[in-house]
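The values are calculated or read from the model by the stated rules, or taken from the named source; none is laboratory data. Predicted model only: the values in this text are computed from it and were never measured. Cβ placement follows ideal geometry from the backbone for every residue including glycine, while neighbour counts extend to all protein chains displayed.
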Amino acid sequence: MPEATGAIPATMAAVLLTGNGGFECLSYRTDVPVPEPDKGEVLIRVGAAGVNNTDINTRTAWYSKSVVEATEAGGGDGFAEAKTEDSGWTGALPQFPRIQGADACGHVAAVGEGVDPARIGERVLVEPVLRGASRFAATYFGSEVDGGFAEFARVPSAHAHRIETALSDVELASFPCAYSAAENMLTRTALVAGERVLVTGASGGVGSAAVQLAKRRGADVTALASAGKADGVRALGASRVEPRGCDLAALFGQEHFDVVIDVAGGEGFPALLQVLKRGGRYGVAGAISGPIAELDLRDLYLKDLTLYGCTILEPQVFDNLVGYIERGEIRPVVAATYPLSDIVAAQRAFLTKKHIGKIVLIPGE
């Protein structure tokens, strides 16, 4: 196994998720074996890793079909009604212990068989949705395989994207999960310049990314966010910011938006379809306000709407994202940083939803 000149230790610091439940299931350890890259993989020395809803959802078993509440309802203690056997996002039984962390950047420290040793030393950004044998047979970095909440992580070489940027590790780690999810929704819904787009949850990681990326495409962006965050969301490119829970039909009429980008779901879902134009498109990649939504099929078929569920990335999405970053077309939005050892404090802060953008963990601090 070719490796960097800097010695790779036998053990590392990492956070282990030991089961489903509350914060007690997060165990910070300093004696976790450093993984060795298999054939076609690289070992990354992690520079920083972002916190995401999916980390908390996996810990609390929110993906279980028995859970019908908003994600934050069980964010601290978990969900009593959750069933571990279907709590993985794929519907499969999760494996513990697991190192979570879908967002990661760093430098290649070693390579496995079949990977060019010249990759050692490259600065890389990890594409978190790991492609499988078929289009939708994917696994998730930090979910079905160990992720970035550690000093080292291994990943398929094809998913460790070389990147050249002056951004810090903290700034770079804010991009992979949220921005790829947002860009994937915009790609699936085919948003183009001049169209009107409505973005829910616009102050969160995916929502704030969607505002920037939609503006980059030349769209007219309306965002939903709390009043205290409105100025920050406007600074990202929204031309108009309205409060969550507002009467959208009263503000915009029945047919106003070409595209809706949604991460909220819940009770607000019906109103989103009402304000779409005929032939409009709706993309969803989250349900932080609740997974159960009411659908009036008349809105769907009489208006010829198209609904897109968006998890597996379109093939071009991550390469495009790397290009946007390298050319400075989008900017990182980092709300706070924490040492990896303070992951519980970081997740508590994340759950308050008082921030705009991403909360990032730093290994080795």
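L300 fulfils the conditions (1) within 23 Å of L236 (Cα to Cα); (2) touching a residue at least 24 places away in the same chain (Cβ under 8 Å); (3) not in a loop (DSSP other than H, G, I, E, B); (4) not assigned by TED's automatic domain parsing to the domain that holds C105 except for a single criterion, (1). Quick one: which residue in C177, C246 is touching a strand residue (DSSP E or B) at 6+ places or on another chain (Cβ under 8 Å) and part of a helix (DSSP H, G or I)? None of the others qualify; the one that does is C177.
Selection of segment 197-245 for residues being within 20 Å of F175 (Cα to Cα) and polar (S, T, N, Q) yields T200, S203, S208, Q212. Scanning segment 142-153 for any residue that is within 18 Å of G323 (Cβ to Cβ), crowded, with 24+ Cβ neighbours inside 10 Å and not hydrophobic (A, V, I, L, M, F, W, C) turns up nothing.
Among the residues here, G328 qualifies as on the phi > 0 side of the Ramachandran plot and at pLDDT 95 or above. Screening F350 with (1) more than 18 Å from R188 (Cα to Cα); (2) in a loop (DSSP other than H, G, I, E, B) gives one miss only, at (2). Among the residues of segment 190-206, those identified as at pLDDT below 95 and of a type outside the set (S, T, N, Q) are G201, A202, G204, G205, V206.
Contact map, segment 218-239: residues that are surrounded by fewer than 24 Cβ atoms within 10 Å (Cβ to Cβ) paired with residues that are of a type in the set (D, E, K, R), Cβ distance under 8 Å, separation 6+ or inter-chain. Pairs shown: D220/E195; D220/R196; S226/R244; G237/K215; G237/R216; S239/D220.
Is it the case, given these coordinates, that T187 is outside any loop (DSSP other than H, G, I, E, B), at pLDDT 95 or above and polar (S, T, N, Q)? So T187 fits the description; yes. Out of all the residues in segment 10-29, which are without any contact (Cβ under 8 Å) to a residue 60 or more places away in the chain and within 30 Å of D116 (Cα to Cα)? If the condition is that a residue be without any contact (Cβ under 8 Å) to a residue 60 or more places away in the chain and within 30 Å of D116 (Cα to Cα), then A10, T11 are the ones that fit.
Scanning segment 163-174 turns up at least one residue that is within 17 Å of the chain's Cα centre (by Cα), small (G, A, S) and assigned to a loop (DSSP other than H, G, I, E, B).
Selection of first residues in segment 52-68 that are more than 25 Å from Y179 (Cα to Cα) and of second residues that are surrounded by fewer than 24 Cβ atoms within 10 Å (Cβ to Cβ) and β-branched (V, I, T), restricted to Cβ pairs under 6 Å at least 6 apart or on distinct chains, gives the following pairs, ordered by first then second residue: V68/I292.
So that you can scan it fast, the table gives a plain yes or no per residue for (1) over 19 Å from L300 (Cα atoms); (2) small (G, A, S):
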| residue | (1), (2) |
| --- | --- |
| A235 | yes, yes |
| R240 | yes, no |
| A249 | no, yes |
| E255 | no, no |
| G265 | no, yes |
| G268 | no, yes |
| L273 | no, no |
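Evaluation of L17 against the conditions (1) modelled with pLDDT under 95; (2) closer than 18 Å to R98 by Cβ; (3) not polar (S, T, N, Q) shows that the sole unmet condition is (1).
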